[in-house]
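Colleague: Got a structure for you, questions after.
The values are calculated or read from the model by the stated rules, or taken from the named source; none is laboratory data. Just so you know, these numbers come straight off a predicted model, no measurement behind them. With ligands, DNA and RNA removed, areas are computed over all heavy atoms of the protein, side chains included. Shrake-Rupley method; radii C 1.70, N 1.55, O 1.52, S 1.80 Å.
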Amino acid sequence: MELASYLAGERWSDHPACTHPLLAALARLVNDNTSDADRSKLIWLVPSIIGLTSDDLRVDAHIALRCARTALPVAAAERQLALAVSVLAAEEMLARLDGAPSGRLSEASMDAMAQVPRAADQARRFSRAARITEKGFRRYAAPNAVQLSVVGIVQACIPDPDALLRTLLSDAIDDCVALIRGPRPETLDAALPARV
C-alpha cells in the first residue's frame, strides 16, 4: 500500500486515498501474512489497486463476501461459524442494497456453505436473529470478515497458504474493478457472482 501511495503521487502511507479502504486493508493483511519468500509476488498487483475507490457499500460487501467464501472451506472448524455468518451478512447486505428478497445466496456462496454444513446451519440460525445496519456492516462486519478470512487461510492446513492469499487479493481486486470501473464484457460473469 505504501508503494501504491507513492505511485499515485500521494504522501507515503499504507492507507492511501487512491484505494478503497477495505481493499487496502485486505492488501495490508495479505502482505503482512505472506512469507518473506513469496512477498515479492504481490508487487505486480500494486498498479491495479490505484484508483479503485468508491463510497458504494456494495464494494465493501463484495470484498467481505469474496474473503469469507474463500476462507470458509479451508479454515479450521472453530472459525467456520464466524465465516459462514460473514457470508450470510454480506449476501444479506447485497440483497438489501439491490432491493432483492432477503435470504437468497449466490451460487458461489451456496457452494462454500455446502462444504461446511454444520457451520452453515448454525450461521443460518444465528443470522435470523441478527440484523446489521449499513453503518455497522461497513465499520465492523466487513473488516472483521476480511481479517478473520486472512487469519483463517494463514492458519489453515493447506499446502500453500501464500498462493491462496495471493489469489484472494487478485480476485478481490478484479471484483472491485468490475464494480467501480465496470466489467469488461468477457469477464463480467467471472468477476461477479450471479444472484440466485
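Colleague: Over what distance in Å are the Cα centres of region 130-186 and region 70-98 separated?
Modeller: If we compute the Cα centre of each part, the gap is 10 Å.
Colleague: For region 10-112, what is the accessible area per residue in Å² when the probe is 1.4 Å?
Modeller: Value returned for region 10-112: 43 Å² of accessible area per residue.
Colleague: Which three extents, in angstrom, do the Cα atoms of region 90-152 have along their principal axes, listed largest first?
Modeller: 30, 29, 22
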